[in-house]
Each structure stands twice: as structure tokens, then as C-alpha cells.
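Taking it in order: structure first as C-alpha cells, then the write-up.
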Amino acid sequence: MTKEPTAAVYSTEQVKRARVAVATVFAVHGAVTGSFATRVPWIQDHAGVSAGQLGLALAFPAIGASITMPLAGRISHRFGARTALRGLLALWTLALILPALAPNLLTLCAVLFVYGATAGMSDVAMNALGVEVENRLDKSIMSGLHGMWSVGALIGSAAGTVAAHIGADARLHHTLAALVLTALGLLACRGVLDLHSEPDEEPPPRFTLPPRSALIIGAVGFCAVFAEGASLDWSAVYLRDILGSSDGVAAASTTAFALTMAVARLAGDRIVDRFGAVRTVRAGGVLASTGGLLVVFSPAPAAAMCGFGLLGLGVAVVVPLAFAAAGRSGPNPSQAIAGVATITYTSGLIAPSAIGSLAEATSLVVSFGVVTALAFGLVLGAGVLRAGDRKVTGSAVGGAPAKSPSGS
């Protein structure tokens, strides 16, 4: 993340408005994902790809994001944080148009690579700005920002569900959605903090390995995202195949998990402000581990649904706090955030296939035993997020960013 010149001063009201603006950006970003996800069956039919080929193509967004996310810091350094976010977010919202246009597997893989690249770079830029606003407000906001992303994803998926229900062409649906979301994003970006690099500051490298601090913090994020991805993609299958529930009940478990995640993130900031990042994540790890055990040893669908709900509650705030900790872990926040984002994207990429492979070799119950073990890793590794606990001696508004604390 770029640093502001010392002459730049922001009033309390300006920073509060910037918080609303960044929250809107998060919601717009999530709405693109929700809009895309609901039309994947249409895109599959239009491109004429099999289920296996679709699975291959859907790996390319994460590949594109992981490769290009380090560029976000370089772009912010050159153009300033506001201009960089404006451009990267617009590229992401407009990239929504591309997948529905792909006529075959090769072009689908290519456009999904671009789709993921723009997603990842804008993700890093908006999270870095979110950390900057959080520093100046001296209160936790990252969980709520990620909650707004979930709200945006739910709105986008709801609109996509309606479009699919009426049989709308995804090319038309995604073009209209992209234009609306681009306009909303550009409007929101007018209110974010306009941070610029110091004249003598060295630009961050175009491509680099994540710093050691990001690797350690990212390991905690990896555990949370793995549990999240496994639960989202496999909870319905688990209830149907292992516990014999109906398709309707199985589908409801996935929806309930997503809603639990969104609500927990929206409410998470107050908990973090009261108890701190480390204690919050440790408590979340206990909840998630308990939920995992409930899933593994559940005798009935209702108990398993409660278990998945506890998993959602437990992991909901971990990734926002990981980004916040990364943003305070060293002199180059964008590089650290990009490193954590790369690790979490990778976790989200491998979780569904890893669960499936392990289930095929053993059973789905064993797979969620592994998920439970990773969830318990949050309890053991929460201490590395103590950089997410702010300890500021003066007001963070209008001055330098809040310093990282030395203790939990």
C-alpha cells in the first residue's frame, strides 16, 4: 500500500466517508462474484464443455489472481491508491462480461484467467485501503467490510437466480450487471482516501515472493479458507450422501452457511474491538472445531447443519483479520496483503478438489475430520495475528497510520 505524504491530512468526517466508500467497493466486488456464480451452468452449455473441463476452467481465476496480485502495489505506487482502485475495480466489473462470450474451452480458460487477475488486483487494492481507513478510525472495520462483500455476493446471486429463472441470456444479463456495477464502483471510488507514495520511495517489485510475515499470517488464513471452501462446496453433498437428507434440506445447509458467514462478519468488528484479534480468532477456532466435530459425529441432518453453522461462525472473521494483520506487519503493506491473498486464494482453489480426492480414497467423514483439524489450527496459530490488534497512543485520524502493537 502506498504511503501518504506527511502534508496530507484527513478529518474525522472524511475518514468516515471513506469507510462508507470502501464498504461500497467491497459490496460491488462481491456482487460480481455472485452474478458470475449463478450463471456458470449457462456458461458451461454455451461453451460446450464437460463437467471435468469446466472444473479445469474454473481453476484459472485463482491462477490469474495468484500471479498478478503482487502488481497491485506497483500500480498503487505509480498512480496513487484512489486512481489505482478506480481502474482495477472497473476492469474487474467489466471482466464479468467475458466468460459468457467464450465459445469453447480454450477461450473460457483465457477469459477466466483475465477475470481472476482483475479480481485479485482489485481485491488487494481495496483491502489495503480498508486497512488504512481502519488505522485512522482506530477501530476494527475489516470484518464488516468483508461482510459487505458477502452482502454484495448475495445480492448478485439473487439477481442472477432471477435472471436464470426467467431464462435470460447470460451475455445480456452480465453486460447489464457489469455496466451497473462499474458505475456504482466508479462513484464509490470518489470517496476513498487518495494516498500517494513519497517522492523518494522505491516502487515495490512487479513480482516477488511473499514476505515471511505474510507466509506465517497466510497459514492461518489458509486454515480458515480451506474450512470455508470445503463447507460451501461439500456441505450439501455431506447431508445428502452421508446423512440421507432430502435435496431441499441439503441445499438449505449451504445457504445457511453462507448467511451465517455474512452475519458473523457484519457483527465481527464489535467483538474484535472488545476482545482483540488474537482472542477472537482463538474463540473462533474453538467454535469451528466444535462444529467440525459435530459434523463428523452427527447422527442426523439437523445436528450436522448446526455443525456447519458453527464452522461458519468460527472462520468468518479470520480472513479479514489476516488482511488487517498483514497490512500492519511491515513497511510494504500491499506486498504483505498480496502475499496473504495469494495463500488464501490458493487454499480456496485446492480445498474442494482436496476434499473430493480424500473422500474418494477414504470417506467424506474423514475429509471433514481433516477440516476439523485445520479449524483447530486457528486456536494454535491465532497469536500471529496480534498485529491486527491496534494499540495507538494518539488519534489515527489525520495523521500517520496507526502503529502495530508489540503484544496481543
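Highest GNM mean-square fluctuation, the chain, Cα pairs closer than 10 Å: which of A256, A31, A84?
For the chain, modelled as a Gaussian network with Cα springs under 10 Å, the answer is A256.
Choose one of G268, Y345, A227: the residue whose Cα lies farthest towards the positive end of the charge dipole of the chain (beta-carbon charges +1 Lys, Arg; -1 Asp, Glu; about the Cα centre).
G268
Quick check: at a probe of 1.4 Å, how many percent of the accessible area of the chain sits on carbon and sulfur atoms? Can you show the working numbers first?
Details: 11020 of 16570 Å².
The nonpolar share, carbon plus sulfur, comes to 66 percent.
In the chain, with Lys and Arg counted as +1 and Asp and Glu as -1 at Cβ, which of these residues, A326, A62, G185, has the Cα nearest the positive end of the dipole, that is, farthest along it?
So the residue furthest toward the plus end is A326.
How high is the FRET efficiency from D169 to L105, r the C-beta distance, R0 30 Å, rounded to 0.05?
According to the calculation, E is roughly 0.90.
Take peptides 155-166, 89-100 and line them up by average Cβ neighbours within 10 Å, highest first, as a rough protection proxy.
89-100, 155-166
Out of every Cα-Cα pair in segment 260-353, what percent are more than 19 Å apart?
51 percent
Quick one: if you stick a label point 7 Å off each Cα along the C-beta vector at S50 and V366, how many nm between them?
2.7 nm
Within the chain, which whole H helices from DSSP have a Cα span along their axis of at least 20 Å and a mean Kyte-Doolittle hydropathy of -1.0 or more, if any? The partial results should precede the final answer.
Values: long enough: 12-38 (40 Å, 0.52); 81-95 (21 Å, 0.97); 105-137 (47 Å, 1.07); 142-165 (34 Å, 0.87); 170-189 (27 Å, 1.48); 212-237 (37 Å, 1.23); 247-275 (40 Å, 0.65); 277-296 (28 Å, 1.25); 301-315 (21 Å, 1.67); 333-361 (41 Å, 0.84); 364-381 (26 Å, 2.37).
Helices meeting the span and hydropathy rule in the chain are 12-38, 81-95, 105-137, 142-165, 170-189, 212-237, 247-275, 277-296, 301-315, 333-361, 364-381.
Applying 1/(1 + (r/R0)^6) with R0 = 45 Å to the Cβ-Cβ distance of V20 and A59, what FRET efficiency is obtained, to the nearest 0.05?
The pair V20/A59 has a calculated efficiency of 0.80.
The values are calculated or read from the model by the stated rules, or taken from the named source; none is laboratory data. Everything numeric in this text was worked out from a predicted model, so none of it was measured. Don't worry about glycine lacking a Cβ; one is built from the backbone with ideal geometry, like all the others, and counts go over all protein chains shown. Just the protein is used for accessible areas: all its heavy atoms, side chains included, with ligands, DNA and RNA removed. Shrake-Rupley method; radii C 1.70, N 1.55, O 1.52, S 1.80 Å.
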